[in-house]
Structure formats: structure tokens, C-alpha cells
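Written below as C-alpha cells is the structure these notes are about.
The values are calculated or read from the model by the stated rules, or taken from the named source; none is laboratory data. Just so you know, these numbers come straight off a predicted model, no measurement behind them. Every residue, glycine as well, gets a Cβ built from its backbone with ideal geometry; the counts of neighbours run over all protein chains shown. Note: accessible area is taken over every heavy atom of the protein model, side chains too, but ligands, DNA and RNA are not part of it. Shrake-Rupley method; radii C 1.70, N 1.55, O 1.52, S 1.80 Å.
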Amino acid sequence: MPTRHRVFIDMDGVIVDFDKYKREHAVEGERLVKQQGIYLKMEPIPGALEAVRSVISMGYDVWIATKPPTGMAGAYADKAEWIFRTLPELKRKIIITHDKGLLGDSGDYLLDDRPHAANCEQFKVWLMRFIDGFHWEQALTILRKNQPNN
């Protein structure tokens, strides 16, 4: 039986519109993450939920891989609750870690907007950097091209 390749997807900046919330409420990121329940108030990035579901339908084993703010225990629960509410199909596929470089194996992907953080650059195979205009459209093109045979 062939191995299903995994796609690990970051939350903030990839599926959660963290920057929009910061702009609309004129608050710095460091202050923002210290507010209890703040993640539950954030909206998805337009098109991101559909994109995640598209990746699932391609046959990839999709996981959420998110870094919490250090020392903010409530943020762990808030991030998980956001997934429960917004992407319930991934409710049992949430990894909360400060070291994403520990994830992945041959053929796996990590989609992240802060590749310099959480040791992302040590990810073993495909790191898709959601920076400099690269976002879901480009990621989906790559994933479609390399999608596993079902």
C-alpha cells in the first residue's frame, strides 16, 4: 500500500487572517496574542478553507501545524477551537509545536508564512514559503502536479 504524503498547514497567515485582524484593530502582534480568546475572533483568509479542502480531496493526509505564542496556554485551546469550528474535518489532526522542523518525511509538505520561525527551515522535504506573493494559488498548482495516486 503506497504511503500518503502529508501536508502540514500553518494557521496564522496561511488559513487564519491574523494580519487583517491586526490592521483592523490597530494592535501589534505581540500584544494581540496575549489577549485571551483572540484567535476565536479571527476570520479565515478568503479562499483558504476551500483550498485546504481541495488538498484533502487530492488525497493528501492534511494536518494543521501551528506554533503557539510562548507562555500563552489559552492560545493552544483557542487555536484548536478555531479548527473545531472552522475545519471540523481536521479536529483530530492538529499539531501545536514550537519546532516544525521535527515534522515530515520523504514526500511531505509544510505550508508556512514564517519560514524563519519555529525551525521551519529544517523541515525535511518541501517547505512552501507563503511569502512574496506566494499563496494558495501557487501552492495548489504544485500540489495538484504532485498529487498522490489514489
Compactness of the chain, expressed as Rg and Dmax over alpha-carbon positions, Å: 14.9, 51
Dipole magnitude of the range 1-86 about its Cα centre (Cβ charges: Lys, Arg +1; Asp, Glu -1), debye to nearest 20: 140
Order by protection proxy (mean Cβ within 10 Å, highest first), peptides 48-61, 30-43: 48-61, 30-43
Percent carbon-and-sulfur accessible area, the chain, ignoring ligands, DNA and RNA, probe 1.4 Å: 50
H135 accessible area, assembled protein chains, probe 1.4 Å, Å²: 50
Förster radius 25 Å - calculated FRET efficiency between H116 and Q36 (Cβ-Cβ, nearest 0.05): 0.35
Size of electric dipole in the chain: Cβ of Lys, Arg +1 and of Asp, Glu -1, about Cα centre, debye, nearest 20: 320
Solvent-accessible area per residue, Å², over the chain with all protein chains present [probe radius 1.4 Å]: 54
The range 24-94 - Kirkwood radius from inverse mean 1/r over Cα pairs (Å): 13.4
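If the viscosity is 1.306 mPa s and the temperature 10 °C, what translational diffusion coefficient in µm²/s does Stokes-Einstein give for the range 77-150 when Rh comes from Kirkwood over Cα pairs?
115
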